[in-house]
1. Go through the residues of the stretch 173-196 one by one and say whether even a single one is of a type in the set (S, T, N, Q), closer than 14 Å to Thr116 by Cβ, touching a His at 6+ places or on another chain (Cβ under 8 Å) and more than 16 Å from the ligand (Cβ to nearest atom).
2. Does the stretch 189-201 contain any residue that is at pLDDT 95 or above, surrounded by 19 or more Cβ atoms within 10 Å (Cβ to Cβ), within 26 Å of Met254 (Cβ to Cβ) and among the β-branched types (Val, Ile, Thr)?
3. Looking at (1) part of a strand (DSSP E or B); (2) closer than 16 Å to Leu28 by Cα, can you tell me which one Phe242 breaks?
4. Counting residues that are aromatic (Phe, Trp, Tyr), which strands (runs of 3 or more DSSP E) fully inside the stretch 248-291 reach at least 1?
5. Please enumerate the residues belonging to the stretch 87-102 that are of a type outside the set (A, V, I, L, M, F, W, C) and at negative phi.
6. Do you know which residues across the stretch 64-121 are assigned to a helix (DSSP H, G or I), more than 16 Å from the ligand (Cβ to nearest atom) and in contact (Cβ under 8 Å) with a residue 60 or more places away in the chain?
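The values are calculated or read from the model by the stated rules, or taken from the named source; none is laboratory data. Predicted, not measured: the structure shown is a model, and the values here were computed from it. Note that we place each Cβ from the backbone using ideal geometry, even for glycine, and neighbour counts take in every protein chain shown.
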Amino acid sequence: MKPLQFGETVVSRVVEAEGPSFYPGFLLPDSSDDAIDAEADWLEPNFFDRTSGRLVMSVHSYLIRTPHHTILVDTCVGNDKNRPSTKPWHRQQTPWLDHLATAGVQPGDIDFVLCTHLHVDHVGWNTQLVDGRWVPTFPNAKYLFQKDEYAFWQKEQSGAGRSGANDGCFEDSVLPVMAAGQALLVESDHAIDDTLHLDPSPGHSPGHVCLNLSGGGRNAVFSGDLMHHPVQCAYPEWNSGFCYDPDQSRATRMGFVDRHADTDTIILAAHFAAPTAGRIVSGGARCRFAV
Ligand SMILES: [Zn+2]
C-alpha cells in the first residue's frame with residue numbers, strides 16, 4: 001500500500017506477514033466454493049490464490065502521522081510470544097520493527113497505540129521481551145483499550161472460561177502495559193483529536209471499535225476485524241469462525257457495508273492483503289471491494 005494522504009495526515013502500512021493463508025471454509029464457515037467463484041473476477045489474484053485454494057491475507061499495523069501525533073493501529077502478533085494454539089505464531093520472529101523503521105518511525109516516536117480489540121494478532125507488539133520480561137515496546141505511548149473489551153478479557157483471565165482467541169496475550173501483551181501506567185481505558189466514541197475518533201463495532205469481540213479519520217476533505221475508517229477478508233463486502237452475512245457474538249457481528253458488518261457502499265470512504269481493514277486500501281462499491285448483484 002502506498003502511503004495515503006488525508007490533508008496533512010499520512011497513513012502507511014507496517015506489514016508483519018502476508019500471503020496465501022486460511023482456506024475459505026476455515027476462516028468463513030458460511031462460505032461456499034461456488035460463492036467465492038462467483039466473485040473471482042475481482043478477488044483474484046490479490047485476495048484469492050487459485051493455485052492453493054487459499055485466501056490471501058495480511059497481518060499488519062497502520063501508522064497514522066498527523067501534524068501533532070504519531071499513532072499506531074493494531075500491533076500484530078509480535079516476536080517471542082508463546083502461542084501454542086497457532087503454530088506459525090508460536091515464538092515467531094519477524095522484522096516488523098525494521099519495517100516500522102523503514103516507514104521512518106522509531107518506537108519512541110509513537111504517541112498513541114490503538115488496539116481495535118484485544119485478540120492475539122492485534123496486541124503482540126504492544127510489548128517485547130527484554131531480559132526475560134515483557135515490557136512496553138513504545139515507551140512514550142499511551143495505549144488505548146476499549147473499556148468493555150478490557151473488562152471482558154480481564155474476566156476471562158480470572159478463570160471464568162479461557163478463550164482460544166486469547167492464547168495468553170492478555171498476560172504478556174496487555175497487563176504489562178497496564179502495570180507500566182501506559183494504558184487508557186476509553187469509551188467506544190473516544191476522540192484522539194478533531195480528526196480521529198472511535199466508533200463502536202461490537203460482535204467480533206465484545207468491545208471492538210473502528211477508528212475514523214478525516215482530513216483534506218477525505219475520510220478513512222480503520223475497521224479492524226469487522227471484516228477479515230474483502231469477500232465479506234459481497235457477503236457481509238458471513239461471520240468469521242472467531243466471532244464472539246455471531247448475530248451481533250453479522251448485524252454490525254451488514255450495517256457497515258450498507259453505510260459505506262458507494263461512498264468515498266477508504267476502508268483500511270486489519271487483514272486485507274495488498275493493495276489493502278479500497279472502497280465498497282455496488283453495481284452487480286453484490287457489493288465488491290474496489291482498490
Ligand atoms: Zn485479526
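1. No: zero hits.
2. For the stretch 189-201, residues at pLDDT 95 or above, surrounded by 19 or more Cβ atoms within 10 Å (Cβ to Cβ), within 26 Å of Met254 (Cβ to Cβ) and among the β-branched types (Val, Ile, Thr): absent.
3. (1)
4. Working: elements: 266-269, 279-281, 288-290.
Hits in the stretch 248-291: 288-290.
5. Lys87, Pro88, His90, Gln92, Gln93, Thr94, Pro95, Asp98, His99, Thr102
6. His99, Leu100
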